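In what follows, a structure is listed as structure tokens, so that the remarks can point back to it.
The values are calculated or read from the model by the stated rules, or taken from the named source; none is laboratory data. This one's a predicted model, so the numbers in the text were calculated from it and none came from an experiment. Neighbour counts are summed over all protein chains in view; Cβ atoms, including those assigned to glycine, are modelled from backbone coordinates with ideal geometry. The area values use the complete protein model at the heavy-atom level, side chains included, leaving out ligands, DNA and RNA. Shrake-Rupley method; radii C 1.70, N 1.55, O 1.52, S 1.80 Å.
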Amino acid sequence: MTAASRPIRVLVAKPGLDGHDRGAKVVAAALRDAGMEVVYTGLHQTPEMIATAAVQEDVDVVGLSILSGAHMALFPRVRQMLDQMGRPDILITGGGIIPAEDMDQLQALGIGRLFGPGTPTAELISYIQSWASEHLEA
Amino acid sequence: MNFDPLIARLRAGNTAALARAISVVENERPGFERLLAEVHHSLGRARRIGITGPPGAGKSTLVERLVAAYRQAGQRVAVVAVDPTSPFTGGALLGDRIRMESVALDDGVYIRSMGSRGSVGGLATTTREVCDLLDAANFDRILVETVGVGQSELDVAGMTDSTVLVLVPESGDGIQTLKSGVIEVADLFVVNKADRPGAEQLRRDLEVTLGLRRRAGRQADAVLWKHPVLLTVATKGDGISELIAALDRHHAWLLESGTLQERRTRRLLHRTREVVDRATRRWVWEEARADQRIAERLEDISAGRVSPYEVAAEVLGGLKQGERT
Ligand SMILES: Nc1nc2c(ncn2[C@@H]2O[C@H](COP(=O)(O)OP(=O)(O)O)[C@@H](O)[C@H]2O)c(=O)[nH]1
Ligand SMILES: [Mg+2]
């Protein structure tokens, strides 16, 4: 009855020029089914569009699906823009075909855990949930 | 919590601050009503326009076009897009931004997606208060998109100055059922997807229905608003300038006839009742620790040792008596 808990808000986007957004849609639906409010912005999003939407929507988490190989450019760019817009607290996570050493390097740049293709969505969900319980006010 | 710094940043046009203030209200965080009280005296500038209709009718596409047109006229525009929350999981998929991409990077545009959360219809209980914050943040137009399900058309009409009902040619079959309720609250009708067959027919049917209603009308002729029925092709931008002009005419009529003042007063009455209602609920559920006490007695209720009525009386009996006048 009381407004004690609120849903985690997540922006799911597919940056870059590559292909379809089936994977991102599956992730968006899975996060919704896990009780999250998912703002889905679709294909071909530039880092600027992603950061602007994330700030306007006051999301807690940004999830990016990047299959184009441009992850080393895109993830840090979104991080940088969010920091500039006053939201260094937003978790950036996501997935794609990303070599382990790239993942380490991205983590050092303030990106959260990244998931390889075919990872069950349950893993992403529990990662976001445990991050939220540590970082968000109740 | 002291919201003064947040309010100052919001008024200064800081988007992150506005976005955070909206979350404070949406989540009904402690003190959110003080935040609203702070901004209340500076409201009333923005025109609030509701866009409602069945899923897939083209509401978001139409909103994007309206935003672009208002921007060309130099107005700052905010969009609130509400989508239903799953009653089972509490989650929601908010996808209206997909259709608003062309205006997404414009500094004079703010777009916010909301889940309907606890409320049954297509609107969240705090949507009208979110509009207050946008009004305080100096937007000239606030467009509220809601899916027309259940009572939500009525709800959106209760919180906006003008309500646009968006239909499509395929809605024609349902026009009989539309007559009850929905037609009464819409100020403007749009038949979108007019590139498809049947649009003209639906327009004629609507006009007949509206004409009959007008003839049986309860209002005096002088103040009667003649509901326009407009054809649009949102994907191409056809009919948008006519819609903008009709919205301007409606606003002028609202002012002249005194209806705007009447609607705003009615909203304020509703708002005041809502605040009292919310405070009452909070008082009962928190003060009486109602959830906890019900949980403690649940086994007894379930086993038939005590009835729900007796437990409710126990819970309420535990409340301190409020001051009575
Ligand atoms: N043929 C046609 N399709 C349209 C028109 N307006 C919108 N659509 C399409 O209808 C679908 C749903 O549009 P959307 O704006 O998301 O509808 P909403 O659910 O009411 O917000 C999209 O695929 C649009 O491209 C129109 O005027 N004509
Ligand atoms: Mg929509």
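Scanning the range B:65-95 for residues that are buried (at least 24 other Cβ atoms within 10 Å of the Cβ) and part of a helix (DSSP H, G or I) yields B:Arg65, B:Val67. Taken together, A:Arg22, A:Arg113, A:Arg6 contain a single residue that is among the basic types (Lys, Arg), modelled with pLDDT of 95 or more and on the phi < 0 side of the Ramachandran plot, which is A:Arg113. Among residues of the range A:78-95 being more than 12 Å from A:Ala13 (Cβ to Cβ) and touching a Ser or Thr at 6+ places or on another chain (Cβ under 9 Å), the one that is farthest from the other protein chains (Cβ to nearest Cβ) is A:Gly95.
Among the numbered conditions (1) surrounded by 12 or more Cβ atoms within 10 Å (Cβ to Cβ); (2) charged (D, E, K, R); (3) not in a helix (DSSP H, G or I), the only one that B:Arg305 does not meet is (1).
Given the criterion in a loop (DSSP other than H, G, I, E, B) and either within 14 Å of chain B (Cβ to nearest Cβ) or open to solvent by 20 Å² or more (accessible area, probe 1.4 Å) (or both), identify the matching residue among A:Gly35, A:Gly63, A:Gly112, A:Gly42.
Criteria check complete, one pass: A:Gly35.
For B:Thr15, the conditions (1) away from ligand 1 (no atom under 16 Å from the Cβ); (2) within 14 Å of chain A (Cβ to nearest Cβ); (3) buried (at least 22 other Cβ atoms within 10 Å of the Cβ) are fulfilled apart from (3).
Return yes when A:Ala29 is touching a Lys or Arg at 6+ places or on another chain (Cβ under 7 Å) and not in a strand (DSSP E or B) and no when it is not. For A:Ala29, the condition - touching a Lys or Arg at 6+ places or on another chain (Cβ under 7 Å) and not in a strand (DSSP E or B) - is not met. Can you run down the residue pairs with Cβ atoms below 9 Å, 6 or more apart or on separate chains, where the first is in the range B:112-123 and away from chain A (no Cβ under 11 Å) and under 18 Å from A:Val38 (Cβ atoms) and the partner is assigned to a loop (DSSP other than H, G, I, E, B) and modelled with pLDDT under 85? So the pair list comes out as B:Gly122/B:Gly148; B:Gly122/B:Val149; B:Gly122/B:Gly150; B:Gly122/B:Gln151. In summary, B:Ile22 fulfils each of the numbered conditions (1) more than 21 Å from B:Val144 (Cβ to Cβ); (2) part of a helix (DSSP H, G or I); (3) touching a Lys or Arg at 6+ places or on another chain (Cβ under 8 Å) with the single exception of condition (1).
Does B:Val24 meet the test of being buried (at least 17 other Cβ atoms within 10 Å of the Cβ) and within 16 Å of ligand 1 (Cβ to nearest atom)?
Considered against the rule, which asks whether it is buried (at least 17 other Cβ atoms within 10 Å of the Cβ) and within 16 Å of ligand 1 (Cβ to nearest atom), B:Val24 comes out as no.
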